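Engineer: Just dropping this structure here.
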Amino acid sequence: MASKILVVDDEALIRQSLRDIFEYEGYEVAEAADGRQALAMLGAEAFAAVFCDIKMPGLDGVELLEKMPLLAAEAAEKGAPWTPSPFIMISGHGDIETAVDCLKKGAFDYLPKPLDLNRVLGALRRAIDNERLTRHAENWKRAAVHRFEMVGRSKALTEVLAMADKVAATTAKVLIEGENGTGKELLARRIHEGSGVASGPWVTVNCAAIPSELIESELFGHEKGAFTSAVKQRKGRFEQADGGTLFLDEIGDMSLAAQAKMLRVLQDRRITRVGGEKEIEVQVRVVAATNKRLETEIAEGRFREDLYHRLSVVKLRMPPLRERPEDIPLLVESFVAELSADLDKKPLTFKKEALQVLQKQPWPGNIRQLRNVVERLLIFCEGAVTAADVEKYL
């Protein structure tokens, strides 16, 4: 967020009075004596707020306000980021009609002259708070857009994405295999978004994070009094996912007892809550994922073979990052765009030799590890990231 206030007024005394107020509050202050000077300044840098007089010779305050969409359009054509500054209009000749007109044209607030100190500071704080909330909302929207995006053009990735898109249109159960951090949940979410139940709920269960004695209650729910802490009835994840997709992450860590009940649900499409007797029908698409070799788990008696075959109608394998090094520059670019917004830092560029160092790494933590490295580099580096920077913060 900019920490500088722009004061636009043809009266030097007003400009000086506002400068004194804002500088006392710890802000930098820039001044413009007319609308044309202010227009040039607004196109060159961002301001936390603009206090703008309405009646000025030449380009007046309302006309300046009306030119803000033009500045935004020009910046978009150049591919340059441009953030509109909140306008607080001030006038000694104002009335209700003028105030309403300014607000309709995009002004944040309107203050009549003579200016009251408390109202000036109150308007400034509201404008800054509103800008902060808006920026956070935009970051969340941006994150939501990119959250399920699979970045890369490598053959290894495009092949698995093509298979996922094809199976998404069916109701087939899918088992996704791959190392930790390769993006198994992203692939599962892509399948859900491309399926006939995309408008339905998306529910995830991390089978490795739930104690074995609680997994049945988590999946199938429980009735009041089923066990000591069951003080009320609770729907399980299958019921919550009815009409949508249930993603079972780390299915290889599920207990054998829960596996037996899972098999029955997949066969009959009915669940029974823990402590209950009534069977409840559910229509759920199941996508499972594991970082284990389930064939080995079956051979060693830790996973049911019949459940494995039930889950793996279609089996997909997410390639580890070391098998798709050509995707690393694209992933870095994506992470820089995402993280620089989250960290409120200027995006960095990566020199060619820096990317080459990244491409040569084994990446045991895969994409998750690469993202952490990029975040460290954004925090500690200035300017273009070099090979030495990468080696320092790996």
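The values are calculated or read from the model by the stated rules, or taken from the named source; none is laboratory data. What you are looking at is a predicted structure, and each value in this text was computed from that prediction instead of being measured. With ideal geometry, Cβ positions are generated from the backbone for all residues, glycine too; neighbour counts draw on all protein chains shown.
Engineer: What is the number of the single condition among (1) in a helix (DSSP H, G or I); (2) buried (at least 19 other Cβ atoms within 10 Å of the Cβ); (3) not aliphatic (A, V, I, L, M) that Glu295 does not meet?
Structural biologist: Just one mismatch for Glu295, condition (2).
Engineer: Another one. Would segment 309-322 turn up any residue that is of a type in the set (A, V, I, L, M, F, W, C), in a helix (DSSP H, G or I) and under 21 Å from Leu186 (Cα atoms)?
Structural biologist: Quick first cut of segment 309-322, residues of a type in the set (A, V, I, L, M, F, W, C) only: 311, 313-314, 316, 318, 321.
Narrowing further to those that are in a helix (DSSP H, G or I): 311, 321.
Add one more test, that the residue is under 21 Å from Leu186 (Cα atoms), and what stays is 311, 321.
Within segment 309-322 (the criterion being of a type in the set (A, V, I, L, M, F, W, C), in a helix (DSSP H, G or I) and under 21 Å from Leu186 (Cα atoms)), the answer is yes, since at least one residue qualifies.
Engineer: May I ask you to list the residues in segment 350-394 that are outside any loop (DSSP other than H, G, I, E, B) and closer than 17 Å to Thr182 by Cβ?
Structural biologist: Within segment 350-394, Leu358, Gln359, Asn366, Ile367, Arg368, Gln369, Leu370, Arg371, Asn372, Val373, Val374 qualify.
Engineer: Still on this structure, I have one more. From Asp34, Asp60, Asp53, grab the single residue that is in contact with a strand residue (DSSP E or B) (Cβ under 6 Å, 6 or more places away or on another chain) and of a type in the set (Asp, Glu).
Structural biologist: Going through Asp34, Asp60, Asp53 in turn, the sole match is Asp53.
Engineer: Filter segment 209-242 for residues that are in contact (Cβ under 8 Å) with a residue 24 or more places away in the chain and β-branched (Val, Ile, Thr) and give the result.
Structural biologist: The answer is Ile215, and nothing else.
Engineer: Out of (1) over 19 Å from Leu321 (Cα atoms); (2) free of Cβ contacts under 8 Å to residues at least 24 places away in the same chain; (3) aliphatic (A, V, I, L, M), what's the single condition that is false for Val373?
Structural biologist: The single condition Val373 does not satisfy is (1).
Engineer: While we're here: Kindly list the number of the only condition in (1) on the phi < 0 side of the Ramachandran plot; (2) surrounded by 13 or more Cβ atoms within 10 Å (Cβ to Cβ) that fails for Gly106.
Structural biologist: (1)
Engineer: Here are some residues: Glu66, Glu31, Glu97. Which one is among the acidic types (Asp, Glu) and at pLDDT below 90?
Structural biologist: Numbers: Glu66 fails: at pLDDT below 90; Glu31 fails: at pLDDT below 90.
Sole residue among the options that is among the acidic types (Asp, Glu) and at pLDDT below 90: Glu97.
Engineer: Within the set of pairs 6 or more residues apart or between chains, which connect a residue that is outside the structural domain of Phe51 (by TED's automatic domain parsing) inside segment 8-22 to a residue that is in a loop (DSSP other than H, G, I, E, B) and hydroxyl-bearing (Ser, Thr, Tyr) with Cβ atoms less than 6 Å apart?
Structural biologist: Within 6 Å, no pair qualifies.
Engineer: Let me ask something additional. Hey, can you tell me all the residues within segment 363-393 that are of a type in the set (A, V, I, L, M) and either surrounded by 18 or more Cβ atoms within 10 Å (Cβ to Cβ) or in the same structural domain as Gly178 (by TED's automatic domain parsing) (or both)?
Structural biologist: Answer for segment 363-393, where residues must be of a type in the set (A, V, I, L, M) and either surrounded by 18 or more Cβ atoms within 10 Å (Cβ to Cβ) or in the same structural domain as Gly178 (by TED's automatic domain parsing) (or both): Ile367, Leu370, Val373, Val374, Leu377, Leu378, Val385, Val390.
Engineer: Among the residues of segment 234-249, what is the count of those that are touching a helix residue (DSSP H, G or I) at 6+ places or on another chain (Cβ under 9 Å) and closer than 22 Å to Glu185 by Cα?
Structural biologist: Selection size over segment 234-249: 10.
Engineer: To continue, here is another question. How many residues does segment 45-93 contain that are in contact (Cβ under 8 Å) with a residue 40 or more places away in the chain, part of a helix (DSSP H, G or I) and in contact with a Ser or Thr (Cβ under 9 Å, 6 or more places away or on another chain)?
Structural biologist: Total meeting the criteria: 2.
Engineer: From the list Ser229, Ser195, pick out the single residue that is out of contact with any Pro (no Cβ under 9 Å at 6 or more places or on another chain), hydroxyl-bearing (Ser, Thr, Tyr) and surrounded by 14 or more Cβ atoms within 10 Å (Cβ to Cβ).
Structural biologist: Just a single option satisfies the conditions, and that option is Ser195.
Engineer: Please list, ordered by first then second residue, the pairs with beta carbon atoms under 9 Å, 6 or more apart or interchain, first in segment 328-347 and more than 12 Å from Arg371 (Cα to Cα) and in the same structural domain as Arg376 (by TED's automatic domain parsing), second crowded, with 18+ Cβ neighbours inside 10 Å and of a type in the set (D, E, K, R).
Structural biologist: Listed pairs, sorted by first residue: Asp342/Glu375; Leu343/Glu375.
Engineer: Residues being among the aliphatic types (A, V, I, L, M) and outside any helix (DSSP H, G or I): count how many of those fall in segment 330-349.
Structural biologist: 1
Matching residues to (1) out of contact with any Leu (no Cβ under 7 Å at 6 or more places or on another chain); (2) closer than 29 Å to Asn366 by Cα; (3) at pLDDT 90 or above:
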position: Leu187; (1), (2), (3): no, yes, yes
position: Gly194; (1), (2), (3): yes, yes, yes
position: Asn206; (1), (2), (3): yes, yes, yes
position: Ile210; (1), (2), (3): yes, yes, no
position: Leu214; (1), (2), (3): yes, no, no
position: Ser229; (1), (2), (3): yes, no, no
position: Lys235; (1), (2), (3): yes, no, yes
position: Ala241; (1), (2), (3): yes, no, yes
position: Phe247; (1), (2), (3): yes, yes, yes
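Engineer: Can you give me the ranges of the helices (runs of 4 or more DSSP H) entirely in segment 151-238 with at least 1 residues that are farther than 22 Å from Val284 by Cα and assigned by TED's automatic domain parsing to the domain that holds Glu295?
Structural biologist: Details: elements: 155-168, 184-193, 215-220.
Filter on segment 151-238 gives 155-168.
Engineer: Are any of the residues in segment 348-362 out of contact with any Cys (no Cβ under 7 Å at 6 or more places or on another chain), crowded, with 18+ Cβ neighbours inside 10 Å, touching a residue at least 60 places away in the same chain (Cβ under 8 Å) and within 29 Å of Arg189 (Cα to Cα)?
Structural biologist: no
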